[in-house]
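Peer 1: Quick one: this structure, given as structure tokens, is what I'll be asking you about.
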Amino acid sequence: MIFRDARERLVHFRGDFPAKPLDARRIAGLLDAPGCMRRQVIDAASVPMKDLAPLIGCREPRQSSYALQRGVRFEQSVTSNAMSFLLPLVREQLALDVREVREQDLSTVQVRTQFPDLDRDALTDHRVRTTRDSVAQMLAGDQRAINLLRHPYLVLTLGDMPTYLEPDLLAYAASGTLAPIEIKSFPCIDGIADPAKTAEAARQTAVYMVALCRLVENLGQPSSRIASQGLLVMTRDFTLEASGSLLDLRPQVRRLERVLANFPHVTQLAAQIPTAVSLPALPSRDTSQTERTAASAQAREAVGALPMRFGDGCTGCPLLDFCRGQAQREESVAQLGTQAANMCGDVSTVSHALALTAGTRTPTTAAEKAVAEELRRAAIAVQLAGAAA
Ligand code: SF4
């Protein structure tokens, strides 16, 4: 099969599977598994993980509809009444001297209501342009500028693909810096929030921060115009009242910048896809069991054909079950963890490493010699520990 360009090859890999643009959570996920070509190809092909994962036998990441509804209600309550719940947090936590609220809502629903004739591309253009103009006005020190911009639309390039990101809010005051605000409906109980959820929110907000940096740089402004912290708004205890906490985003932003800089160009990704494989159409509710089984087999073959880099970060990836199964079947040393895999170098299977330890295989390469020596020392340590016990 001849492809006109690399992007066409990615589209061919996706086949009849639906496409879904990447969001901040998905981009933040790259922090866990930097350098995994399988994940990068699937991301670059805009394949929705939440649909692909169960099709290839992974547990389905689900969020309860109750949690989703509660999230929507909480955001509505925080941003209602002229932001009366949010404003104290913006003033106290972000130290922004916002006296009166000048807000604008750029959410799809709001823009569609205002401009019902815009098609999807025109709607995207409008949101991106208006975000850019609003931020330019803020940074120019215009006293009439919007100071709370809801659902702005930021662009971040991944590889060579533009992705569109939608933070909950951007806050600004003429005397301060520009800061992202993320609204989450998980609780902050007695001033303490779930550390794992807070870390996830910080990573997601860091993605917005990087996109915001790009916009500010494009506007010819220094990145010092952006705060180094974002505001996380959570529910106070089990109520729908708002509680806020500052997120120091610098470490995540630094890591993310590295991951984005190293994200392969589409031509490098396309070169890793065997020509013959492509994903099937996503089975619907009416699909027969036979067709579903065939679709699952085709998807497993297509994903399995992409080179993977299994390691510790995979625990956060929706494809974990599939890749772990493959690592076990192939007896890969990667299933023992990233540290063990790094130590083994090009000794890639457990049986190979054990043969070197037992002396049934003579080490020839430098990696084999190092692994044989390391494992022999470890085996003696285990024996001595057993004798002393
Ligand atoms: S689980 Fe699989 S696809 Fe996800 S990062 Fe790990 S190896 Fe890559």
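Peer 1: Quick one: Karplus J couplings for segment 193-209, per residue in order, coefficients 6.51, -1.76, 1.60, θ = phi - 60°, nearest Hz, x for Gly and Pro?
Peer 2: Taking θ as phi minus 60°, the curve returns 9, 4, x, 5, 5, 5, 5, 5, 5, 5, 5, 5, 5, 4, 5, 4, 4 Hz for segment 193-209.
Peer 1: If you don't mind, another one. Could you grab the Rg to Rh ratio for segment 36-128? Cα atoms only, Kirkwood for Rh. Walk me through the numbers on the way to the answer.
Peer 2: Details: Rg = 19.3 Å, Rh = 17.5 Å.
A ratio of 1.10.
Peer 1: Residue farthest toward the positive end of the dipole of segment 330-389, with Cβ of Lys/Arg at +1 and Asp/Glu at -1: which of Ala340, Val371, Gly386?
Peer 2: Gly386
Peer 1: How large is the direction-averaged shadow of the alpha-carbon convex hull of segment 1-83, in nm²?
Peer 2: Numbers: hull surface 34.2 nm².
About 8.6 nm², averaged over all directions.
Peer 1: Two-decimal Rg/Rh of segment 328-376 from alpha-carbon positions, Kirkwood Rh?
Peer 2: Details: Rg = 9.8 Å, Rh = 10.5 Å.
Here the Rg-to-Rh quotient is 0.93.
Peer 1: Could you work out how much longer the chain between Arg250 and Leu336 gets when fully extended? Use 0.36 nm per residue separation minus the Cα distance between them, nm to one decimal. It would help to have the intermediate numbers written out before the result.
Peer 2: Working: separation 86, 0.36 × 86 = 30.96 nm, distance 3.12 nm.
This chain segment gains 27.8 nm when fully extended.
Peer 1: Using each residue's phi in segment 291-301, evaluate 6.51 cos²θ - 1.76 cosθ + 1.60 at θ = phi - 60° and report the 3J(HN,Hα) Karplus result to the nearest Hz, with x for Gly and Pro.
Peer 2: Each residue's phi maps through the Karplus curve to give 5, 5, 5, 5, 5, 4, 5, 5, 5, 5, 5 Hz.
Peer 1: Taking the inverse of the average 1/r across all pairs of different Cα atoms in segment 65-249, what Kirkwood radius in Å do you get? Walk me through the numbers on the way to the answer.
Peer 2: Values: mean 1/r = 0.0594 Å⁻¹.
This gives a value of 16.8 Å.
Peer 1: Also, I was wondering about something else. Going by average Cβ neighbours within 10 Å, how do the peptides 16-28, 312-324 rank, with the highest at the top?
Peer 2: Values: 16-28: 17.0, 312-324: 18.7.
Ranking the peptides 16-28, 312-324 by packing returns 312-324, 16-28.
Peer 1: Using per-residue counts of other Cβ atoms within 10 Å, averaged over each peptide, order 183-194, 226-237 from highest down.
Peer 2: Working: 183-194: 16.2, 226-237: 22.1.
Per-residue mean Cβ counts within 10 Å order the peptides as 226-237, 183-194.
Peer 1: With each label point set 7 Å from Cα along the Cα-Cβ vector, what nm distance links Val382 and Thr239?
Peer 2: The two pseudo-label positions are separated by 5.7 nm.
Peer 1: Any lysines with Cα under 30 Å of the Lys184 Cα? List them, leaving off those in the same chain fewer than 8 positions away.
Peer 2: Filter leaves Lys20, Lys50, Lys197.
Peer 1: Would you grab the residues whose amide H sits under 5 Å from the one on Phe186? Only those 5+ places off in sequence or on another chain, please, with H modelled 1.01 Å from N.
Peer 2: Sorted by chain and number, the residues that satisfy this are Thr235.
Peer 1: Using a 7 Å offset from the Cα along the Cα-to-Cβ direction at both Glu301 and Arg214, what is the distance between the two label points in nm, to one decimal?
Peer 2: If labels sit at Glu301 and Arg214, their model points lie 3.6 nm apart.
Peer 1: Further, regarding this structure: Whole angstrom only: what separates the Cα centroid of segment 1-35 from the Cα centroid of segment 52-82?
Peer 2: If we compute the Cα centre of each part, the gap is 24 Å.
Peer 1: For segment 85-92, just list the computed ³J(HN,Hα) in residue order, Karplus coefficients 6.51, -1.76 and 1.60, θ = phi - 60°, integers in Hz, with x standing in for Gly and Pro.
Peer 2: Karplus values, whole Hz, x for Gly and Pro: 7, 7, 4, x, 5, 4, 6, 6.
Every read-out reported here was derived from the displayed coordinates using simple, explicitly stated rules and does not represent laboratory data. Just so you know, these numbers come straight off a predicted model, no measurement behind them. Cβ coordinates were reconstructed from backbone atoms using ideal geometry, including for glycine residues, and neighbour counts include every protein chain displayed.
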